[in-house]
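Participant: Quick one: structure below, then a few questions.
The values are calculated or read from the model by the stated rules, or taken from the named source; none is laboratory data. Here the structure is a predicted model, which means the values were calculated and not measured. A quick note on method: Cβ atoms are made from the backbone with ideal geometry, for glycine too, and the neighbour counts reach across all protein chains shown.
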Amino acid sequence: MAIKLKRSYRFALRSSLFIASVFALVLGTLLFFFDTFDLLIVVLSTVLLFLISFFILQVRIEKFIYRKIKQIYDDFALLESSTLTSDPITTDMRTLTEELEKFAKDKKVEIDTLKVREEYRKDFLGNVSHELKTPLFTVQGYIETLLDGAMNDKNVRKKYLQRASKGVDRLIYIIKDLDLITKLEVGELHLEKENFDIVELIQSVFDLLEMKAEKKNIVLTFDMDYSRPIHVYADKEKIQRVITNLLVNSLKYGRRDGTTEVSVENLIKNKVIVRITDNGEGIPKRYIPRLFERFYRVDQSGSRKEGGSGLGLAIVKHIIEAHEEKIYVESEIEVGSEFSFTLEKSKVKVNP
């Protein structure tokens, strides 16, 4: 970065005024003491000293800045920092100090951010590795067993191939979720918004998850009978993914013989809020801020037994934020959890 010097006369001007003032006071006192006081001589001498002092100080300051302070800018420029001004630097020390203090604060924030990102990167790579190697090792184990001679037994061959197929399905599921969340984060996945009945969509997800709910005897239900449709304006496929992920989560951690209840309420004039409430085990408050991180699990052992990609809530958050809406979490141990998110009402009136 080429450093250009922008002259500042503040320090030299003030210093010259101070020197000239002191000189005028001393000279006037001496001339008065020797009874030779002449105002014209005092004024001319003071002005001359002021000009000489200003010239010498300004030249010395610029040389000092150029040789010393400029080196500081050059050193910072090696860091390729965008926080330093591209304008010519100033010889004013106060301005220089302010710039360097701002630079130091910005650098500290940048370093702290990089540390957080590095920790996140390590966690992310560790989680991806763990999530992928589990089904990979499972598939590898079944295939090796078959190659070692088990495929000669028709029943064993079929059973092991089915299990290997499930492992491959889980790998595909994880990779698809990773691809989806990456596209959501970089903004490559565009929303295709339309008007649709959110109540009807929720009911269709209930139907899809009916068998899964029956395994734990959990009832999927609305909080009331919605006799009229509630139309919203959003990406129907993505919102279905949101509702599915939240309901699957409630089934995973819900209490056996429990209930998961969904409500759709008017929030403000142009918004509705969808609430998904269960009476499951609940989430400790210290874990709630990290719930929407990739692969984050409150109960490491339990959640892995339940399967899944570990990306469900992260995908939910990104989809809702892509709609420029909000998602909320409330939970209490041994009472249950409630996930809620807002949606925009239909822009046009739809006939029921």
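Participant: I'd like the full set of residues that are among the hydrophobic types (A, V, I, L, M, F, W, C), over 30 Å from D235 (Cβ atoms) and in contact with a helix residue (DSSP H, G or I) (Cβ under 6 Å, 6 or more places away or on another chain), limited to the stretch 144-194.
Facilitator: L146, A150, M151, V156, A164
Participant: Continuing with this model, one more query. I'm trying to understand the selection: among the residues of the stretch 328-338, which are buried (at least 16 other Cβ atoms within 10 Å of the Cβ) and under 14 Å from T259 (Cα atoms)?
Facilitator: G336, S337, E338
Participant: I'd like the residue in the stretch 158-191 that is touching a residue at least 12 places away in the same chain (Cβ under 8 Å) and of a type in the set (D, E) and, out of all such residues, is surrounded by the fewest Cβ atoms within 10 Å (Cβ to Cβ).
Facilitator: Per the stated criteria, the residue is E185.
Participant: A further question follows. Among all residue pairs at least 6 apart or on different chains, which show Cβ distances below 8 Å where the first residue, located in the stretch 244-255, is free of Cβ contacts under 8 Å to residues at least 12 places away in the same chain and at positive phi and the second is assigned to a helix (DSSP H, G or I) and crowded, with 18+ Cβ neighbours inside 10 Å?
Facilitator: Qualifying pairs under 8 Å: none.
Participant: Ok, one more. Quick check: anything in the stretch 225-235 of a type in the set (G, A, S), outside the structural domain of A322 (by TED's automatic domain parsing), loosely packed, with under 15 Cβ neighbours inside 10 Å and more than 32 Å from the chain's Cα centre (by Cα)?
Facilitator: no
Participant: Applying the selection to the stretch 250-262, what residues are in a helix (DSSP H, G or I) and touching a Gly at 6+ places or on another chain (Cβ under 6 Å)?
Facilitator: Y253, the sole residue that qualifies.
Participant: Can you pull out every residue in the stretch 252-263 that is within 21 Å of I198 (Cα to Cα) and surrounded by fewer than 20 Cβ atoms within 10 Å (Cβ to Cβ)?
Facilitator: Matches in the stretch 252-263: T259, E261, S263.
Participant: Okay, next question. Quick check: anything in the stretch 185-203 touching an Asp or Glu at 6+ places or on another chain (Cβ under 9 Å), β-branched (V, I, T) and at pLDDT 85 or above?
Facilitator: Scanning the stretch 185-203 turns up no residue that is touching an Asp or Glu at 6+ places or on another chain (Cβ under 9 Å), β-branched (V, I, T) and at pLDDT 85 or above.
Participant: Moving to a separate point now. Here are some residues: T138, T145, T134. Which one is in contact (Cβ under 8 Å) with a residue 40 or more places away in the chain and β-branched (V, I, T)?
Facilitator: Answer to the selection: T134.
Participant: Filtering the stretch 204-234 down to residues that are over 21 Å from R256 (Cβ atoms) and among the charged types (D, E, K, R), which residue is modelled with the highest pLDDT?
Facilitator: D207
Every residue, every condition in (1) more than 30 Å from G187 (Cα to Cα); (2) touching a Phe, Trp or Tyr at 6+ places or on another chain (Cβ under 9 Å); (3) modelled with pLDDT of 90 or more, yes or no:
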residue	(1), (2), (3)
L246	no, yes, yes
K285	yes, no, no
E306	yes, yes, no
I320	no, yes, yes
Y328	no, yes, yes
E332	yes, no, no
F339	no, yes, yes
